[in-house]
Amino acid sequence: MILIDGKKIANDIRSEIKEKVEQIKFKTNSVPCLATILVGENPASRVYINSKIKACQECGVKSVHHNLKSNSSKEEIINLINQLNINPKISAILLQLPFSDAQTEQECINAISPNKDADGLHPFNAGLLTLFKSQKEISQNNVLTSCTPTGIIRLLQKSDIEIAGKTAVVAGRSNLVGKPASLLLLANDATVIMAHSKTKNLKELCKSADILITAVGKPQFINKDFIKDGAAVIDVGINRTENGLVGDIDFDSVKDMNIKITPVPGGVGPMTIAMLLENTLKAYRRNL
Ligand code: NAP
């Protein structure tokens, strides 16, 4: 087993971002600014927001945090988003998910200006991801793509794992991870199979994968019987158990296999934050 060190790859990207921010500051005497919004006090969401704010500070990106009460109305949240949309000092807006109500969540995402959409979840950006055929077109058009899937592609590229022509299986089809990860793999010329809770032959499909992405959210759900010899495995799952954080992969069962794999923690998580910083920079440029 070879570990894919997401923490190191993310740190290298963060150093590059820090340099770019310093150059922007030198040239313009301003820096990109990320506005973060947390509705309520979900402890896990609070931890995620804090690490995003800290990452901004470490890279010289400004951040402004808005904590709304858990009983805030949809109108109050959208009102705040509208103010941030028209504020020229704000480059990008991050709405911490999930919301308790999926309908409100989507309506609030829809209210974010597509040019300030730090998470790449606005229907306009999600739509562009489906329309552009190749990664080259996506990159050239500065499309804001969802942070975790973008981080997955970057992990594969930085680990010299070939994507073009390979069979990729993505377990999970959420708008946040599974669906955009599948589309980005497709744009990078993989042959993609999207699996979900109604998939009948998950084990056989996963076993056919040169690249296996697991974004299911079930602790240690996938073991060695699902994985092909020589595969690259990206474990997106973050599951809190009595034994601490674990992924969707039963790590012990695969540790003697001939595979490349991301650990949990220290794999995809740090890349998500690095891609959020990249998106903030991208949004800054789009809003110039
Ligand atoms: P989600 O919205 O709950 O989606 C889970 C997906 O898994 C759904 O598409 C679901 O299928 C599928 N699924 C559930 N049971 C399955 C089964 N038995 N077989 C195959 N597929 C099954 O979760 P998410 O937001 O995508 O997140 C997934 C995991 O990634 C979570 O553990 C989350 O904490 C983690 N995550 C990590 C990061 C990071 O930065 N590392 C970022 C985001 C999320 P249906 O659509 O049919 O219900």
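The values are calculated or read from the model by the stated rules, or taken from the named source; none is laboratory data. Owing to the predicted nature of the structure, the values given are computational and were not obtained by experimental measurement. Cβ coordinates were reconstructed from backbone atoms using ideal geometry, including for glycine residues, and neighbour counts include every protein chain displayed. Protein only, heavy atoms only, side chains kept; ligands, DNA and RNA dropped before computing areas. Shrake-Rupley method; radii C 1.70, N 1.55, O 1.52, S 1.80 Å.
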**Prompt:** On the given criteria, is Leu144 in a helix (DSSP H, G or I) and surrounded by 24 or more Cβ atoms within 10 Å (Cβ to Cβ)?
**Reply:** no
**Message:** Quick check on Asn110: is it among the polar types (S, T, N, Q), surrounded by fewer than 16 Cβ atoms within 10 Å (Cβ to Cβ) and touching a Pro at 6+ places or on another chain (Cβ under 8 Å)?
**Reply:** yes
**Item:** Pairs where the first residue, in the stretch 241-269, is in contact (Cβ under 8 Å) with a residue 40 or more places away in the chain and within 10 Å of the ligand (Cβ to nearest atom) and the second is part of a loop (DSSP other than H, G, I, E, B) and basic (Lys, Arg), C-beta under 9 Å, 6+ apart
**Value:** Asp248/Lys218
**Request:** Say whether the condition of being within 16 Å of the ligand (Cβ to nearest atom) and charged (D, E, K, R) is met by at least one residue in the stretch 90-106.
**Result:** yes
**Considering residues of the stretch 156-186 that are touching a helix residue (DSSP H, G or I) at 6+ places or on another chain (Cβ under 6 Å) and within 11 Å of the ligand (Cβ to nearest atom) only, the residue nearest to Asn115 (Cα to Cα)** = Pro180
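For (1) part of a helix (DSSP H, G or I); (2) open to solvent by less than 20 Å² (accessible area, probe 1.4 Å), each residue gets a yes or a no:
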site: Lys133; (1), (2): no, no
site: Ser139; (1), (2): yes, no
site: Pro149; (1), (2): yes, yes
site: Ala168; (1), (2): no, yes
site: Asn175; (1), (2): no, no
site: Glu204; (1), (2): yes, no
site: Ile213; (1), (2): no, yes
**Asked** Within the stretch 151-166, how many residues turn out to be in a helix (DSSP H, G or I) and open to solvent by 50 Å² or more (accessible area, probe 1.4 Å)?
**Response** 3
**Message:** Restricting to the stretch 45-60, name every residue that is open to solvent by 50 Å² or more (accessible area, probe 1.4 Å) and not hydroxyl-bearing (Ser, Thr, Tyr).
**Reply:** Arg46, Val47, Asn50, Lys54, Gln57, Glu58
**Message:** Can you report the number of residues in the stretch 61-89 which are surrounded by 15 or more Cβ atoms within 10 Å (Cβ to Cβ), in a loop (DSSP other than H, G, I, E, B) and more than 21 Å from the chain's Cα centre (by Cα)?
**Reply:** 1
**Request:** Mind counting the residues in the stretch 187-220 that are away from the ligand (no atom under 11 Å from the Cβ) and touching a residue at least 24 places away in the same chain (Cβ under 8 Å)?
**Result:** 13
